[in-house]
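The values are calculated or read from the model by the stated rules, or taken from the named source; none is laboratory data. From a predicted model like this one, the values you see are computed outputs, not experimental measurements. So basically every Cβ, Gly included, is an ideal-geometry build from the backbone, and we count neighbours across all protein chains shown. In case anyone asks, the SASA skips ligands and DNA or RNA and just uses the protein heavy atoms, side chains included. Shrake-Rupley method; radii C 1.70, N 1.55, O 1.52, S 1.80 Å.
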Amino acid sequence: SDMPALFACRTYLVVLGASLAAGSAAGTASAAAALQKRLQEIAVEKQELYNCSIGIAVETGSGLGMSAGNDGSFAWGSVTKLATGAALMQQVAARRISLDTPVAPLIDPLLVREGLGRMHVLFGPRADSITLEHLLAMKSGIPDYDTATPYPPPPTDAFRKAVYAQPAAEWPPARLLNLSYVRKGKLEFEPGAHWAYSSTNFVLAGLLLARLSNATTWDAYGQAALLSPLPAQRRSSYALDFASHGTPAAHGAVRGFDRTSYNGANASARPGVDVSDVAGVFGGWTASDIVAPPASVARLVYDLFGASGPRLLDRQYVDEMIPGARDAAGGGQSDWARGA
C-alpha cells in the first residue's frame with residue numbers, strides 16, 4: 001500500500017483477539033485445542049511450501065496464548081519500528097515532547113558527539129524544521145540508507161552489497177548517517193510535503209529516545225523501557241531482545257537466508273545467502289533490531305492495540321498511530337496519521 005500510517009512497516013502483523021475466553025471452560029478448552037491444531041497444520045504446510053521456518057502466534061489478552069511451528073527467536077526487521085514509535089508516543093503521553101516539536105535541537109548534541117555535525121549539516125537548512133510527526137510519519141524528506149531498488153530491473157542494492165562485503169562489520173547510527181547518499185546536505189523534499197519510506201527516520205527516532213532518556217551514547221538507551229508501563233508479571237512473560245550489537249547468530253536468532261535477486265543473486269538457489277553471521281542485519285538499530293519468538297511479538301502488538309488487559313499506551317495515543325483514526329482531541333480525522 002502507498003498509504004502511509006504514522007508508523008510504516010514492511011512487515012505486517014495480525015493480532016487475533018479471539019472470543020475463546022467466552023463460554024464454558026470445556027468449550028473454551030475445546031476451541032483452543034482446535035485452533036492450536038489448525039495453526040500447527042498451517043505452519044507445517046507453509047514450511048513445506050516455502051522451504052523455510054514458519055512461526056505463528058496468537059495472543060488474546062485474556063491469558064490464552066498459543067504458538068505453532070517454529071517457536072524460536074526470529075530477527076523481525078522493520079517490526080522494530082512499531083516498538084520505537086510506541087516508545088516515542090509514550091514520551092508524548094508523558095509530555096516530554098509533542099508531535100509538532102522540532103527534533104533537531106534534541107538530536108543535534110548526540111550527532112555532534114558522534115562526530116557528524118548537526119542535522120542541518122547532514123540534511124540542509126530545512127532539516128531544522130523537521131518535527132517528531134515528520135519522522136514518525138516518514139514525511140521528513142530525509143534520505144533512506146536502505147538502497148533496495150527492485151525496479152527497474154535488474155534489482156540493485158548498494159547497501160546490501162556493502163554489508164555482505166564486510167559481514168562482521170557493525171553499522172551503528174553514525175556510520176549509516178555518514179553514508180554519502182544519506183548526508184547529502186539536502187532533503188529529498190520539504191518536510192511534510194510528501195511521504196517516502198525511509199528507515200533513516202527511525203534511526204534518528206532512536207537518537208531522540210536516547211536524548212529524552214538522558215543516555216550519553218546511542219547504545220546506552222535501553223529499548224526495553226518500552227515495557228515499563230506493564231505489570232512486572234506481564235513484563236516477565238516477554239522474551240524481547242534488542243540487538244544493538246552483534247549478529248543474528250550471536251543473539252540466538254533462527255537461521256535466516258536472503259532469497260532475493262538483488263545484485264545479480266539467484267533467487268531460486270537454495271537455501272539462499274546465509275545472513276546469520278551478518279552484523280549489518282541490525283544496522284538500522286531502532287529501525288530493525290528486535291529478536292524475539294513470535295509469541296512475544298504477538299504479545300507486544302496486543303499490549304499496544306488489544307481490547308483488554310494491561311496497556312503500553314493510553315488509547316488516545318494508540319489512535320494517533322492508526323491511519324484514519326480519530327485524533328486525540330476527538331475532533332475529526334488526523335490527517336498525518338491517515339497519510340492524507
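Just the number please: accessible area per residue for the stretch 108-154, 1.4 Å probe, all protein chains included, in Å². Show your work: numbers first, answer last.
Working: 1930 Å² over 47 residues.
Each residue of the stretch 108-154 exposes 41 Å² on average to a 1.4 Å probe.
Counting every pair of alpha carbons in the stretch 197-326, the share spaced more than 25 Å apart comes to 39 percent.
Order 135-141, 122-128, 305-311, 77-83 from most to least packed using the mean count of other Cβ atoms within 10 Å.
Details: 135-141: 26.3, 122-128: 19.4, 305-311: 15.9, 77-83: 23.1.
Per-residue mean Cβ counts within 10 Å order the peptides as 135-141, 77-83, 122-128, 305-311.
Nearest 20 debye, what's the magnitude of the dipole of the stretch 180-339 about its Cα centre given +1 on Lys and Arg Cβ and -1 on Asp and Glu Cβ? Don't skip to the end; give the middle numbers.
Working: 14 positive and 14 negative charges, 27 e Å.
My answer is approximately 140 debye.
Normalised by the number of residues in the stretch 137-220, the mean separation of alpha-carbon contacts (under 8 Å, six or more apart) gives a relative contact order of 44 percent.
Normalised by the number of residues in the stretch 61-180, the mean separation of alpha-carbon contacts (under 8 Å, six or more apart) gives a relative contact order of 17 percent.
In what sequence, highest mean first, do 28-37, 197-206, 262-271, 104-113 appear when ranked by Cβ atoms within 10 angstrom?
On the way: 28-37: 14.2, 197-206: 24.6, 262-271: 12.2, 104-113: 17.2.
Peptide ranking by packing, descending: 197-206, 104-113, 28-37, 262-271.
Of the DSSP H helices in the chain, those that are both long (alpha-carbon extent of 15 Å or more along the helix axis) and hydrophobic (Kyte-Doolittle mean at least -0.5) are 25-50, 80-93, 200-212, 294-305.
Could you grab the relative contact order for the chain? Cα pairs under 8 Å, six or more apart, rounded to a whole percent. Display every interim value, and only then the final one.
Details: 637 pairs, mean separation 86.3, N = 340.
Across the chain, relative contact order equals 25 percent.
DSSP finds beta bridges in the chain, and of those with both partners inside it, around 95 percent are antiparallel. Counting only DSSP H runs of at least 4 residues, each contributing -39500 (n - 2.57), and dividing by the residue count of the chain, the helix-based mean residue ellipticity at 222 nm comes to -9500 deg cm²/dmol.
Between the stretch 237-308 and the stretch 190-216, what is the C-alpha centre distance in whole Å? Their Cα centres are 21 Å away from one another.
State to the nearest 20 debye the size of the charge dipole of the chain about its Cα centre, where the only charges are +1 on K and R beta carbons and -1 on D and E beta carbons. Could the numbers behind the result be given before it?
Details: 28 positive and 29 negative charges, 36 e Å.
Here the size comes out at about 180 debye.
Could you pull out every one of the aspartates and glutamates with an alpha carbon less than 19 Å from that of K46, ignoring same-chain neighbours closer than 8 positions? Within reach: D71, D258.
So for T60, T156, what's the accessible-area order with a 1.4 Å probe, most first?
Numbers: T60 10, T156 65 Å².
Final ranking, largest accessible area leading: T156, T60.
Taking the chain as the region of interest, what is the percent of Cα-Cα pairs per 20 angstrom bin, listed from the shortest bin to the one with the maximum distance? Percent of pairs per bin, in order: 29, 58, 12, 0.
Put one equal scatterer on each alpha carbon of the stretch 104-155, apply the Debye formula with no solvent term, and list log10 I(q)/I(0) at q = 0.15, 0.24, 0.28, 0.29 1/Å to two decimals. Scattering profile of the stretch 104-155, log10 relative to I(0): -0.52, -0.94, -1.12, -1.16.
If you average 1/r across every pair of different Cα atoms in the stretch 113-262 and take the reciprocal, what Kirkwood value do you get, in Å?
Numbers: mean 1/r = 0.0571 Å⁻¹.
Result for the stretch 113-262 stands at 17.5 Å.
Computed in the context of the full set of protein chains, the accessible area of the stretch 193-293 at 1.4 Å probe radius has 52% of its extent on carbon or sulfur.
If Rh is defined by the Kirkwood formula over all Cα pairs and Rg also comes from Cα, what ratio Rg/Rh do you get for the stretch 223-297? Spell out each step's value before the answer.
Details: Rg = 15.3 Å, Rh = 14.1 Å.
Radius of gyration over Kirkwood radius for the stretch 223-297 works out to 1.08.
For the residue pairs K139/K184; K161/K186; K139/K186, the C-alpha atoms sit more than 23 angstrom apart in K161/K186. All Cα-Cα separations within the stretch 135-204 were binned at 10 Å from zero, giving a P(r) of 19, 47, 30, 4, each value a whole percent of the pairs.
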